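Structure record follows, encoded as C-alpha cells.
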Amino acid sequence: MLTIGYIGNGKSTNRYHLPFVLQRDNIKVKTIYQRNPDHESWDRIAGVTYTSQLDELLNDKDIQLVVVCTKHDSHYEYTKSVLEHGKNCLVEKPFMETSEQAKEIFALAKEKGLLVQAYQNRRFDSDFLTVQKVMEEEKMGDLLELEMHFDYYRPEVPESVHAFNPLESFLYGHGCHTLDQVISLFGKPDHIHYDVRQLLGEGRMNDYFDLDLYYGKLKVSVKSSYFRLKERPSFVVYGKKGSFVKETKDRQEEHLKLFHMPDNKDFGVDTISHYGVLTYVDGEGTIHEEKVKSVHGDYGRVYDDLYEAIINGKEKTITDEQTLLQMEILETGIKHLK
C-alpha cells in the first residue's frame, strides 16, 4: 500500500487527482492539508483526515508520498519542506518557477534518496496516446511534421489582465502540458524557434505561443491561443506516405468539469465521431483512409508509475532531465516579454 497526503484542497486536488487515486486499491489517501478551512468548497471524503496544521501531515510516519497541489509560486517552498521531512513528492505543473529551483530540488531529493516528480498527467491523454500508436505503426512512413494545438476562445481572460507576470504566462500555464508530450517522445530538440506573443500589446498577459522544435528533418509545432473561435485540430501528423488528423482533445477534463467521474464506464471515452482519421499510401500505391479507434486515456497512470517507483523500486517515468529541459524552454520563451 502506498500512503499519500495532499497539500492543497482546491480544484487541482479534487478534480485532477483524487477521482483517479480513489479508484486504486493499492493507494491510500490519509491526510489533506488545507491552509484555510473557511474557504473549503469541495465535499470531504470519508476516511480522510483534513487538517490546517501542515506539520501534522509532514510528521506522519505513515505517509510516504506528499502531493503538492497549490499555486506554482509556492511549489518550491512546499516541495523543499516535504523532502526535508523525508517524504517523496509529486508536484503539480508548472513544476517550479525557474530551472534553477528545479535543479536545487532534484539535487536535494537525490541527496536524501527520495523521489520528486512533476505531475505530467497529459502524457496519458487519449489523443496523445492515439497519436503515439499511429506513429508506431509506421503506415505514414518517415515523419516530417507534427502539429499540436491547444486552443480556446476566451477573449475575456486576456482582456481582463493589465499587467504581465512571466510566471502566470499562457506559455507557463499551458505549454507545460504539450512540451512535456513532445519531450517524452523525441527528447531534446536540435534547436527551437520561439513565437511567444502578447496579442493585446506590451504590459498585457501572454495570450499566444507558437514553438517549432526541430529534430533532424522532423518539425514539431506546439501552438496555443486564447483567440481561436474555431479550434484547430488537436493533432496533425504528416509523414512521407500519409497523415493522421485527430480533431478533438482527450475528453477526461471535459467529463471531470461535468462531474462525470472515472467510475463511469464511458468516462473519457471517445465515440466514433471523435476518432482520428489516418490516410496513407500502401506499398502497391493504393490510398487508404480509415478511422482509428482512440486509445483510452487515464490520468491515474501517473500514480501507477509512482507506485512502482516508490514501492517496487522501478525507474521514474517522468525524468529529472525531461522536466529541466521543459523548464528551460518555458523560461526562454517568455524572457523577452514585458
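The values are calculated or read from the model by the stated rules, or taken from the named source; none is laboratory data. Not measured: the values here are computed from a predicted model. Because the Cβ atoms are built from the backbone with ideal geometry, glycine has one as well, and the counts that use them run over all protein chains shown.
May I ask you to list pairs of residues, at least six apart or on different chains, whose Cβ atoms are under 7 Å apart, with the first in region 181-194 being in a loop (DSSP other than H, G, I, E, B) and the second being surrounded by 15 or more Cβ atoms within 10 Å (Cβ to Cβ) and modelled with pLDDT of 95 or more?
Listed pairs, sorted by first residue: LYS188/LEU325; PRO189/LEU213; PRO189/TYR215; ASP190/TYR215.
Which pairs turn up if I take residues in region 21-40 that are more than 17 Å from LEU306 (Cβ to Cβ) and look for partners that are surrounded by 12 or more Cβ atoms within 10 Å (Cβ to Cβ) and aromatic (Phe, Trp, Tyr) with beta carbon separation below 7 Å, at least 6 apart in sequence or on another chain?
Sorted first by the residue in region 21-40, then by its partner, the pairs are ILE32/TYR6; ILE32/TYR50; TYR33/TYR6; GLN34/TYR50.
Of the residues PHE227, PHE267, PHE259, only one is in the same structural domain as ASN206 (by TED's automatic domain parsing), in contact with a Leu (Cβ under 8 Å, 6 or more places away or on another chain) and of a type in the set (Phe, Trp, Tyr); which? Can you show your working first?
Working: PHE267 fails: in contact with a Leu (Cβ under 8 Å, 6 or more places away or on another chain); PHE259 fails: in contact with a Leu (Cβ under 8 Å, 6 or more places away or on another chain).
The match here is PHE227.
Any idea how many residues of region 19-53 are part of a loop (DSSP other than H, G, I, E, B) and of a type in the set (A, V, I, L, M, F, W, C)?
Taking region 19-53 first, the residues part of a loop (DSSP other than H, G, I, E, B) are 22-26, 34-36, 40-48, 52-53.
Those left that are additionally of a type in the set (A, V, I, L, M, F, W, C): 22, 42, 45-46, 48.
Residues in region 19-53 being part of a loop (DSSP other than H, G, I, E, B) and of a type in the set (A, V, I, L, M, F, W, C): 5 in total.
Identify all residues within region 92-114 that are within 18 Å of the chain's Cα centre (by Cα) and of a type in the set (A, V, I, L, M); write none if there are none.
The initial filter retains those residues of region 92-114 that are within 18 Å of the chain's Cα centre (by Cα), namely 92-99, 102.
Passing the criteria: MET96, ALA102.
Is it the case that some residue within region 256-263 is at pLDDT 95 or above and either touching an Asp or Glu at 6+ places or on another chain (Cβ under 7 Å) or charged (D, E, K, R) (or both)?
no
Within region 71-85, does at least one residue satisfy the condition of being in contact with a Lys or Arg (Cβ under 8 Å, 6 or more places away or on another chain), in a loop (DSSP other than H, G, I, E, B) and not assigned by TED's automatic domain parsing to the domain that holds LEU213?
no
Among the candidates PHE235, PHE186, PHE150, PHE227, which residue alone is touching a Ser or Thr at 6+ places or on another chain (Cβ under 9 Å), modelled with pLDDT of 95 or more and not acidic (Asp, Glu)?
On the way: PHE186 fails: touching a Ser or Thr at 6+ places or on another chain (Cβ under 9 Å); PHE150 fails: modelled with pLDDT of 95 or more; PHE227 fails: touching a Ser or Thr at 6+ places or on another chain (Cβ under 9 Å).
Being touching a Ser or Thr at 6+ places or on another chain (Cβ under 9 Å), modelled with pLDDT of 95 or more and not acidic (Asp, Glu) holds for just one of PHE235, PHE186, PHE150, PHE227, which is PHE235.
Could you grab the pairs with beta carbons closer than 6 Å, sequence gap of 6+ or different chains, first residue in region 314-331 and in contact (Cβ under 8 Å) with a residue 24 or more places away in the chain, second one in a loop (DSSP other than H, G, I, E, B) and surrounded by fewer than 19 Cβ atoms within 10 Å (Cβ to Cβ)?
Hits for this filter: LEU325/LYS188.
Only one of (1) within 26 Å of VAL116 (Cα to Cα); (2) touching a residue at least 60 places away in the same chain (Cβ under 8 Å); (3) surrounded by 15 or more Cβ atoms within 10 Å (Cβ to Cβ) is not met by GLY276, so which one is it?
Result: GLY276 fails condition (1) only.
Would you mind stating whether SER81 is within 25 Å of the chain's Cα centre (by Cα), without any contact (Cβ under 8 Å) to a residue 40 or more places away in the chain and within 28 Å of GLY173 (Cα to Cα)? Step through it out loud before you land on a result.
Numbers: within 25 Å of the chain's Cα centre (by Cα): yes; without any contact (Cβ under 8 Å) to a residue 40 or more places away in the chain: yes; within 28 Å of GLY173 (Cα to Cα): yes.
Criteria met by SER81.
What do you reckon, is ASP60 touching a residue at least 40 places away in the same chain (Cβ under 8 Å) and not assigned by TED's automatic domain parsing to the domain that holds PRO262?
On the way: touching a residue at least 40 places away in the same chain (Cβ under 8 Å): yes; not assigned by TED's automatic domain parsing to the domain that holds PRO262: yes.
Judged against the criteria, ASP60 is a match.
Answer yes if at least one residue in region 122-143 is in a strand (DSSP E or B) and either modelled with pLDDT of 95 or more or under 22 Å from the mean Cα position of the chain (by Cα) (or both), and no otherwise. Show your work before the answer.
Initially, region 122-143 is screened for residues in a strand (DSSP E or B), giving 143.
Remaining after also requiring either modelled with pLDDT of 95 or more or under 22 Å from the mean Cα position of the chain (by Cα) (or both): 143.
Yes.
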